[in-house]
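All remarks here apply to the structure that follows.
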Amino acid sequence: MRTSPVGYPRSPGTDGRHRRRTEAHQISNGSHQKAGRASLQARLRRVAGAARISIEDPGHGIDRALGRARRLLGPGGENTAAGESSPEPERQLHEHLAVSWPCPEIAQFEALWSEMIASMDRRGLQVGREAYDGWDDGDRRLARVVWCATRHLRPRAIVETGVARGLTSRVMLEALERNGEGHLWSIDLPALDRSTRSEIGAAIPPSLHGRWTYVSGTSRRRLPKLLAELGAIELFVHDSSHTTRNVSFELEQAWQSLQRGVIVADDVHLNAAFTAFTRRHADASSILAQAEDARATFAIILKGL
């Protein structure tokens, strides 16, 4: 019988157990190292993206960095900036639109949403919070709101900022297709990482591309010119950089071009831009809504409704 280094007899199963523990430890270390490398790569890509934004738009880059620092240092996820959410935001929206509630369009939306998620899953694309290289995919409740707004307003022109995999974009495009009219313009700063960039608009099938125009760049550079060319819009969706400066800029730009319609702004709980906007525009009606998972707040702003 083999002996241990100190001379005591070693039990027959000791070597096997030791090897298994060692192998398990090595596997665990390998998994942690792989996860650590992936996390580091994601952080490096975000740093590179921030550097690019700072070069293209220094003011926006600085504001973005300050906003991220405030979120890291301050209390996250609280509604202190935006206010209290409505218990029935979708019903309130339909009252403003003067259409019945419960809305008969919601059944079509639910079928579409389920098909979209299943399609993404079949392609190996996980959908949800931080699933898009650390960024969130579109929220189900917000998507349901823009579906109903698109179906009932029947807009000829919709503008959105921020695309990611295009779940919200797909919902609006499907609604426009059912309406038989209208076009969506999407302003988006594409990711630097090739793999992430390849997933932009992944949820949008080629059959809907005829109603869609993708505009590459920051909203500060692209939005004013686009709105000037369009003249008027009926629906605007903000889901790009959620800094105070950028949210304020986009809301003001959209409000000037909105004749009679709706603005939907995601993640308004992150700063006071939405609250400041409503104070500047007493004629704006607004509804605050919690995301489906209650981890974020979005705003519905109405003009002439």
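The values are calculated or read from the model by the stated rules, or taken from the named source; none is laboratory data. Computed from a prediction, not measured in an experiment: that's the story for all the values here. Note that each Cβ is placed from the backbone with ideal geometry, even for glycine, and that neighbours are counted across all protein chains shown.
For His281, are the conditions met, namely being in the same structural domain as His152 (by TED's automatic domain parsing) and without any contact (Cβ under 8 Å) to a residue 60 or more places away in the chain? So His281 passes the test.
For segment 133-164, the tally of residues that are surrounded by fewer than 22 Cβ atoms within 10 Å (Cβ to Cβ) and assigned to a strand (DSSP E or B) stands at 2.
Residues that are farther than 16 Å from Leu173 by Cβ, free of Cβ contacts under 8 Å to residues at least 60 places away in the same chain and hydroxyl-bearing (Ser, Thr, Tyr) within segment 196-254 comprise Ser198, Ser216, Ser219, Ser248, listed in sequence order. If you check Leu226 against the conditions, is it more than 23 Å from Ser286 (Cα to Cα) and touching a strand residue (DSSP E or B) at 6+ places or on another chain (Cβ under 7 Å)? Yes: the conditions hold for Leu226. With respect to (1) surrounded by 23 or more Cβ atoms within 10 Å (Cβ to Cβ); (2) of a type in the set (A, V, I, L, M, F, W, C); (3) touching a residue at least 60 places away in the same chain (Cβ under 8 Å), the lone exception for Ile187 is condition (3).
Under the condition of being touching an Asp or Glu at 6+ places or on another chain (Cβ under 8 Å) and outside any helix (DSSP H, G or I), the residues counted in segment 235-257 number 7.
The set of residues in segment 231-248 being surrounded by fewer than 21 Cβ atoms within 10 Å (Cβ to Cβ) and either more than 14 Å from Lys303 (Cα to Cα) or within 20 Å of the chain's Cα centre (by Cα) (or both) consists of Gly231, Thr244, Arg245, Ser248. Of all residues in segment 121-128, at least one satisfies being in the same structural domain as Leu226 (by TED's automatic domain parsing) and either touching a His at 6+ places or on another chain (Cβ under 7 Å) or closer than 20 Å to Asp267 by Cβ (or both).
For segment 281-300, the count of residues that are surrounded by 16 or more Cβ atoms within 10 Å (Cβ to Cβ), touching an Asp or Glu at 6+ places or on another chain (Cβ under 8 Å), over 17 Å from Ser85 (Cβ atoms) and of a type outside the set (S, T, N, Q) is zero.
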